Structure formats: C-alpha cells, structure tokens
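Asker: This is the structure I want to talk about, given as structure tokens.
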Amino acid sequence: MSALVPYGDATGDGQVQLSFCLPIAESERARQAALQLAIKMGFERPQVVLMKPLGPDFTYFIVYGSTTHSIDPDEIVVEERAYPLLAAPEVNRFIREYLKRQLVVVGACTGTDAHTVGLDAILSMKGFAGDKGLEYFHEMRVVNMGAQVIPEEIVQTVKEENADAVLISQVVTQRDAHIYHLEEVREALERAGLREGLILVGGGPRFSPQQAEEVGYDRIFGRGTKPSEVASYLAWTLGLRAGLTDDQLIRTVTVA
Ligand code: B12
C-alpha cells in the first residue's frame, strides 16, 4: 500500500489543521511563536487562521499547514483481540461450565469522577450502541456502586458480595489522575489480600489497552467499548483460569 499523506484540497497535499494553546498573551510575538512551533512540528507554509486570547496571559491558536510527514500503513502493527466475541448464550455457558455459579461483578467510578454514563453503558441492562449490558447475562450478578466511590468502599463491597470481577471507570482526568485513581483501587485490593483472585478491569476514554500492565490491571478498555467485548473477556478469562488453553476454548465455542 502507498504512503498515507493527509489531504485538504488535493490528494497528497499534506494539508492539516492543528489547535493548541500557548502560555503567552495574544500578540504578534504569540503568532510568530505559534508559526515557529508549527514549522518545528514538520509543517510547511503554516498559517495562523485563528488567534484568540484565553484570559490575559494565554492564547488559543488554530494553524493550517502542509505536513512533511507520511505513514507507511504496512508498518502499522494492530493488536488483535486475544479472545473471540462470544454471543450471550456462549458467555452464560462459559460461566456455568468454568465457574459453576453466577459471576459476581462489582463496578464503580472512583476518585472524584462523577461520570457514570460510561460505566452504566457497560453494566446496565440497556447497554450501549445496540449491545446489551452485563445485567442482561443471567449468569452474571451486577453490583453497580455508582460515582465517586472510595477504594475502601470498593474493597468492602468486594468482600460482602464475594465478587469475581471488579470494573473500575475513570472518565475525567487532570495530570494523569485517572491513572492514579485506578492504581489506588488496585493497591487497596492488594492490601486486603483480594487482588489475586479477582479479574480486575479498568476503563474509560483516556485509556488504551496497552496500559493494563502499567496500572497493574488484567485488562483495560478504552473509548467506544461495547459491553459484549467485556462480557466475552470475562467469560474467556474464566476458561483460561480453569486451566484451558486458547485453542481448547476455541474448540468449545459453538459455531452458529
Ligand atoms: C455527560 C458529561 C458530564 C456529566 C456526567 C453525568 C454522568 N452521570 O455521567 C456531568 C454534567 C455531571 C459532567 C461533569 C463534569 N465534567 Co463532564 N462530560 C460529560 C460528557 C459530555 C459526556 C461523557 C459521556 O457520558 N460519554 C458517553 C459514554 C458512553 O462514553 P465514555 O464515558 O467514554 O464510556 C465508554 C468508554 O470509555 C468505556 N468505559 C468507560 N468507563 C469504563 C469502565 C469499564 C470497566 C469499562 C470496561 C469500559 C469503560 O465504555 C463506555 C462505552 O463505550 C463529556 C464529553 C464527551 N463528549 O465525552 C464531558 C467531559 C468528560 N467532562 C469534562 C469535565 C471537565 C467535567 C467537569 C470537571 C466540569 C466542571 N468544571 O464541573 C465535571 C466533573 C464532575 C466530576 N466530579 O466528575 C471533560 C473532561 C476533561 C478531562 N480533562 O478529563 C469532558 C471530556 C468535556 C470536555 N471536553 O472538556 N460531565
């Protein structure tokens, strides 16, 4: 495949638009700073098409220009999902076979985060984007703790409910608070001696799946996650933890 170059007016012209803020008062010096920055970022013939003050000491810019960079699509490595998407009956069957009782899922938004819509999209019966949430699966019991839940409360609920999986959501962030808050929950579970037996899952629009190891979670889900992906992951993990290999599990999946 040929190199990918962005375009505006004509294929291959490299035209892009970029917006950013600089900590400098709106002025001719500020405009020149934005232009020089754009050149350093690989723009040719950049133009500041919008310059607006953000209070007395900051300025917002939109810059147009032509990038000198391109991407070779053949060199892109896309991480494949490590498990197949399972239909609801398969998820329920996996839970029955490999856990032999209902899977208990505890979900919460932690830290200062009051954004519950994402977590509800995964947990609630209604689900998200045409996909039913985890409450729909009759072999799952879902405890949705809601917003701004502190780690100690999560630990308490995990104990009381004898949870198998813990789902933590972080949507809002500043200075990487979303990462810090996820780690806080994991540390509290570790202190209580509960971490090892759990499937610990984090999610939110700022995360990429590659961050799971960094925060010490089993799996991280990012923007646009569908509940069926989470349900399939949980069911598949039960199979793996019961000692089956991916190949053995694949062979058990009913082909519709
Ligand atoms: C609705 C909303 C609110 C509502 C929240 C209501 C509620 N009950 O949730 C209200 C009005 C309360 C609110 C408040 C604030 N908000 Co607000 N809010 C939004 C908004 C518009 C939509 C978020 C949303 O519902 N998305 C839809 C869901 C379905 O998507 P999602 O959250 O990404 O979830 C999906 C995935 O990420 C994933 N996922 C999420 N969690 C989990 C967890 C697990 C375990 C898994 C597997 C998957 C998963 O699955 C979901 C489905 O695909 C966003 C902007 C935007 N367009 O995203 C801003 C936004 C998130 N808010 C923002 C801000 C700044 C705030 C406030 C600080 C504003 C203020 N100054 O008061 C407060 C903070 C309140 C607080 N303490 O948290 C910023 C955050 C910026 C940042 N730095 O992080 C955003 C991005 C707006 C912006 N562009 O500035 N907000």
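Asker: Just to be sure before I move on: is Val215 touching an Asp or Glu at 6+ places or on another chain (Cβ under 7 Å), at pLDDT 95 or above and either within 11 Å of the ligand (Cβ to nearest atom) or not acidic (Asp, Glu) (or both) in the structure I sent?
Answerer: yes
Asker: So Glu97 ticks every box in (1) assigned to a helix (DSSP H, G or I); (2) open to solvent by less than 30 Å² (accessible area, probe 1.4 Å); (3) of a type outside the set (Gly, Ala, Ser) but one. Which box is left unticked?
Answerer: Every listed condition holds for Glu97 apart from (2).
Asker: Are any residues in region 106-118 more than 8 Å from the ligand (Cβ to nearest atom) and among the small types (Gly, Ala, Ser), and if so, which ones?
Answerer: The answer is Ala108, Gly111.
Asker: Still on this structure: Determine the pairs where a residue that is closer than 19 Å to Leu238 by Cα, located within region 204-222, has a partner that is in a loop (DSSP other than H, G, I, E, B) and open to solvent by 50 Å² or more (accessible area, probe 1.4 Å) with Cβ atoms under 9 Å apart, the partner being 6 or more residues away or on another chain.
Answerer: Ala212/Asp218
Asker: Which residues, taken from region 66-94, are within 16 Å of the ligand (Cβ to nearest atom) and outside any loop (DSSP other than H, G, I, E, B)?
Answerer: Result: Val91, single match.
Asker: Another question, then. Checking the structure you have, find out if any residue of region 39-50 is more than 30 Å from Pro209 (Cα to Cα), open to solvent by less than 70 Å² (accessible area, probe 1.4 Å), touching a Leu at 6+ places or on another chain (Cβ under 7 Å) and not small (Gly, Ala, Ser).
Answerer: yes
Asker: I'd like the full set of residues that are without any contact (Cβ under 8 Å) to a residue 40 or more places away in the chain and within 15 Å of the ligand (Cβ to nearest atom), limited to region 184-194.
Answerer: Hits for region 184-194 are Arg186, Leu189.
Asker: For Ala121, which of the numbered conditions (1) open to solvent by 30 Å² or more (accessible area, probe 1.4 Å); (2) of a type outside the set (Ser, Thr, Tyr); (3) within 10 Å of the ligand (Cβ to nearest atom) fails to hold?
Answerer: (1)
Asker: Let me ask something else about it. When both residues are 6+ apart or on different chains and their Cβ atoms are under 7 Å apart, which pairs have a first residue that lies in region 127-152 and is in the same structural domain as Ala177 (by TED's automatic domain parsing) and open to solvent by 30 Å² or more (accessible area, probe 1.4 Å), and a second that is of a type in the set (Gly, Ala, Ser) and part of a loop (DSSP other than H, G, I, E, B)?
Answerer: Every condition considered, the pairs that remain are Glu135/Ser124; Tyr136/Gly127; Ala147/Ala114; Gln148/Ala114.
Asker: What are the residues in region 154-177 that are free of Cβ contacts under 8 Å to residues at least 40 places away in the same chain and at negative phi, if any?
Answerer: Within region 154-177, Val155, Gln156, Lys159, Glu160, Thr173, Gln174 qualify.
Asker: Among the candidates Val78, Val106, single out the residue that is among the aliphatic types (A, V, I, L, M) and surrounded by fewer than 18 Cβ atoms within 10 Å (Cβ to Cβ).
Answerer: One residue alone meets the criteria, Val78.
Asker: Out of (1) modelled with pLDDT under 95; (2) open to solvent by less than 60 Å² (accessible area, probe 1.4 Å), what's the single condition that is false for Val166?
Answerer: Evaluating Val166 over (1) modelled with pLDDT under 95; (2) open to solvent by less than 60 Å² (accessible area, probe 1.4 Å) leaves (1) as the failure.
The values are calculated or read from the model by the stated rules, or taken from the named source; none is laboratory data. Not measured: the values here are computed from a predicted model. Backbone-built Cβ (ideal geometry, glycine too); neighbour counts: all protein chains shown. Quick note on the areas: whole protein, heavy atoms, side chains included, nothing else; ligands and nucleic acids left out. Shrake-Rupley method; radii C 1.70, N 1.55, O 1.52, S 1.80 Å.
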